[in-house]
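These notes are about the structure you will find just below.
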Amino acid sequence: MAMTATATTARWSALRRSWPAMPMSLRIGAVILLIHFIIAATGPFWIPYGPSQIGTGPPLSGMSWAHPFGIDQLGRDVFSRVIYGAHIVIFLSLSGTFIGLVIGAIVGLFSGYVGGWTDDILQRFLEALISIPFLVLALIAIVAAGPAYSGNPILLVLVIALIYAPRIARMARAAALDIVMRDFVTVAKLRGESAWSVVRRELLPNATSVLLVEFALRAGYAPVLVGSLGFLGFGVRPPTPEWGLIMSENRSLITFAPITVLGPGLMLASLVVGLNLFTEGLSRILGRTVRLVDK
Amino acid sequence: MTIVRMLGTRILLSILTLVLVSIIIFGLLEVLPGDVATRILGRDATPEALALLRAKLHLNDPTIVRYFNWLGGILRGDFGVALTSSRPITDILAPRLFNTVLLSLYAFVIYIPLSLIPALIQASRRDQEVDHVISIVNLVFLSIPDFLLGTLLLVAFCVAIPILPAVSMVDESSSALQYLRAMTLPAITLAIAMAIAAVRMLRDNLIEVLDSDYVRMAELKGLPPRAVLLRHALPNALVPTLNVTAINLGYLIGGVVIVEKVFSYPGFGRLLVDSLQYRDIPLIEASVIIAAAVYVGANLLADLGAILLNPRLRNG
């Protein structure tokens, strides 16, 4: 239960206000996100060492000018690894959330529009999926895929979608139930339009603001999910410089080179801070109360 | 609808949800295309080993028969035998669950003041400096992943000021004090993670209640602000927070997976990660169904609590 929809009409005009008139949280969030996107897009071209290059200096060293995040056990420069990892983390998070949004929106809107027993059965099924703690569901889905697919980025993207689709579907359904009551939906129904056409042409455009906030909210937690799976050893395959994985690789260095663990951690936290601030500002513009509860 | 019927419906729906969860788990782990034995042993397994494992898991039986045998076992409290150690799963789970329940209780004890105090301060100083500062701190903490939060605490209290153990090793022979020391950092991590959501919600609820007529009335009859806040506003603001606490209990099950790994604490979460690593399917199934049951149970209790605490729902 992440968000309570308060108004259904999209207030798009609100998005057209000038930059200084935007909420402070949105502006700060946007700047942080911009920095992260620039790092993700350009990082691979200016990092001082290759992400998997060994022998960049004395292994196990802490912070220095040449190696801001220290050097790991294999002699790799942690800073280069972290910067190189940015585009991987952002790509996995956003694409997984997006697929989850598409599936969740279709299922939720359709379920809310059709109603009846189809809706009942779908709701029970979604409820059951949500009842399995999300991290646990992610882990068993990865194990169920088998060793052949472990560490596969596409599997990770699908797992994120699997976690989010039921949660987004629940929100989309709630929005649909609200919109279905409106006259224009009745009119469309009387015109003899098919369910699919009503969902696509009447429900979807009116639910965009709900879905937009929902996407931003979920995207904000996706990097943590990717990191958690990496940290537990169920994420991307080892040489890949994903932040959670780097943190778990360098865990044994924590007593003498804590920066090798904190560096990637702070990058992850700052990305999530940016996403959360942006979401809060966005939801304020669209006139929605967002409760960042459901982690 | 009478209250008994409402409670009954809610309980039946929870049971239905759990049955569906069992189907999903079983379906994911045992029915998905591909051979279960190959998935456990990997592609290089010899045909003999595969045949042996198949016989051990009764994989040659039809799927439906296997599902009902499994479900029947769970209902009798028999989760079967773990693959890796050949010990009954109940024996493996019991001590781990005990450790995690202890840890969760400790976390809840810290969680209550940790969520009440900031929310009360924010509500009583609404829109003042303090309120904004706590909101920002809250947002920052919300953005810190559990494994980073745990690591930060580890660096602070085990490396910078070494007063607590970095590795939370405990077993049956550990004394109560050893347990307490081992559990402190993981419990604080879990408590902070849970409090973040609660503080936000409690603040909003408190402010809503403080604006209501009966609180105005209490203020107007001259009660001191502290009494108004604690005795009149707080109890009513707590009811919606019950729901967050249920969500938090659900979170806790995922949270212990991460936190127990960070602190090497031998609990249920570590067991689950280990069983996943070894692909011990019977043990995974048992752990996940327990985790889901706790989540569904917590939500059920929160709903029942909300129904019982709300006089408006009690008529009929």
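Every read-out reported here was derived from the displayed coordinates using simple, explicitly stated rules and does not represent laboratory data. Small disclaimer: the values here were computed from a predicted structure and weren't measured. Note: ideal-geometry Cβ built from the backbone for every residue, glycine included; neighbour counts use all protein chains shown.
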Using the Karplus curve 6.51 cos²θ - 1.76 cosθ + 1.60 with θ = phi - 60°, work out ³J(HN,Hα) for each residue of region B:57-63 in order, rounded to whole Hz, and write x for Gly and Pro.
-> 8, 6, 6, 7, 6, x, 4
In the Gaussian network model of chain B, springs joining C-alpha atoms below 10 Å, which of B:Ala49, B:Ala233, B:Ala94 carries the largest mean-square fluctuation?
-> B:Ala49
Going toward the positive end of the dipole of the protein assembly as shown, with +1 on Lys and Arg Cβ and -1 on Asp and Glu Cβ, which of B:Leu16, B:Leu52, B:Val256 do you reach last?
-> B:Leu16
Kirkwood hydrodynamic radius (Cα pairs, Å) of chain B?
-> 22.6 Å
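Say R0 is 25 Å: what FRET efficiency, to the nearest 0.05, do A:Thr255 and B:Ile163 get from their beta-carbon distance?
Efficiency computed from Cβ-Cβ geometry: 0.95.
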Just B:Asn248, B:Asn138, B:Asn299 to compare: in a GNM of chain B, with alpha carbon springs under 10 Å, which one fluctuates most?
-> B:Asn138
Using a cut-off of 15 Å between alpha-carbon atoms, which aspartates and glutamates can reach A:Lys189, once sequence neighbours fewer than 8 places away in the same chain are excluded?
-> A:Glu202
Find out how many positive minus negative residues lie around A:Leu204, taking Lys and Arg as positive, Asp and Glu as negative, among other residues whose Cβ is under 15 Å from that of A:Leu204.
-> 0
Between region A:215-232 and region A:100-168, what is the C-alpha centre distance in whole Å?
-> 15 Å
Relative contact order (%) - criterion: Cα under 8 Å, at least six apart; region: chain A = 32 percent
Enter the mean number of other protein chain beta carbons within 10 Å of the beta carbon of each residue in B:136-146, as an integer.
-> 6
Diagonalise the Cα gyration tensor of region A:85-294 and give the resulting equivalent ellipsoid semi-axes, square root of 5 times each eigenvalue, largest first, whole Å.
-> 37, 19, 12
Cβ-based exposure ranking for A:Arg237, A:Arg124, B:Arg96, A:Arg167, in which fewest neighbours within 10 Å come first | A:Arg237, A:Arg124, B:Arg96, A:Arg167
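Assuming R0 = 22 Å, can you tell me the calculated FRET efficiency for the pair B:Asp78 and B:Ile11, based on Cβ-Cβ distance, to the nearest 0.05? Could you put the intermediate results ahead of the total?
Details: r = 24 Å, r/R0 = 1.09.
Efficiency at R0 = 22 Å is approximately 0.35.
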Two-site label geometry, A:Met24 and A:Ser270: point separation in nm, points 7 Å out along Cα→Cβ = 2.1 nm
Local electrostatic count, A:Pro23, Cβ distance below 12 Å [Lys/Arg +1, Asp/Glu -1] | +2
Rank B:Gly269, B:Gly250, B:Gly72 by mean-square fluctuation in a GNM of chain B with C-alpha springs under 10 angstrom and give only the top-ranked residue.
-> B:Gly72
Using the Kirkwood radius over Cα pairs of region A:77-188, the Stokes-Einstein translational diffusion coefficient at 10 °C and 1.306 mPa s, in µm²/s and rounded to a whole number, is 101 µm²/s
Computed, not fitted: 222 nm per-residue ellipticity of chain B from DSSP H runs ≥ 4 (each -39500 (n - 2.57)), nearest 500, equal to -24000 deg cm²/dmol
Put one equal scatterer on each alpha carbon of region A:150-241, apply the Debye formula with no solvent term, and list log10 I(q)/I(0) at q = 0.13, 0.17, 0.21, 0.24 1/Å to two decimals.
-> -0.59, -0.78, -0.97, -1.14
Sites matching chymotrypsin sites (Phe, Trp or Tyr not before Pro) across region A:29-78 that sit in DSSP coil, with at most 16 neighbouring C-beta atoms within 10 Å = A:Trp65
Mean separation of Cα contacts under 8 Å (6+ apart) over length of chain B, as relative contact order % = 27 percent
May I ask you to list the aspartates and glutamates whose Cα is less than 15 Å away from that of B:Lys221, ignoring any residue fewer than eight positions away on the same chain?
-> B:Asp213
Convex hull volume of the protein assembly as shown per residue (C-alpha atoms, cubic angstrom) | 199 Å³
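Give me the number: length gained by fully extending B:Ser264 to B:Val65, i.e. 0.36 nm times residue separation minus the C-alpha to C-alpha distance, one decimal in nm.
67.8 nm
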Tell me which aspartates and glutamates have Cα within less than 20 Å of B:Lys56's Cα, excluding those fewer than 8 residues away on the same chain?
-> B:Glu30, B:Asp35, B:Asp44, B:Glu48, B:Asp78, B:Asp91, B:Asp280, B:Glu285
When region B:191-316 is reduced to its Cα atoms, the Kirkwood hydrodynamic radius in Å | 17.3 Å
Per the helix-only model, chain A has a calculated mean residue ellipticity at 222 nm (DSSP H runs of ≥4, -39500 (n - 2.57) each, divided over all residues, rounded to the nearest 500) of -22500 deg cm²/dmol
Ranked B:Thr245, A:Thr118, B:Thr189, criterion: other C-beta atoms within 10 Å, fewest first = A:Thr118, B:Thr245, B:Thr189
Under the definition of Cα pairs under 8 Å and six or more residues apart, what whole-number percent is the relative contact order of region A:64-205?
-> 33 percent
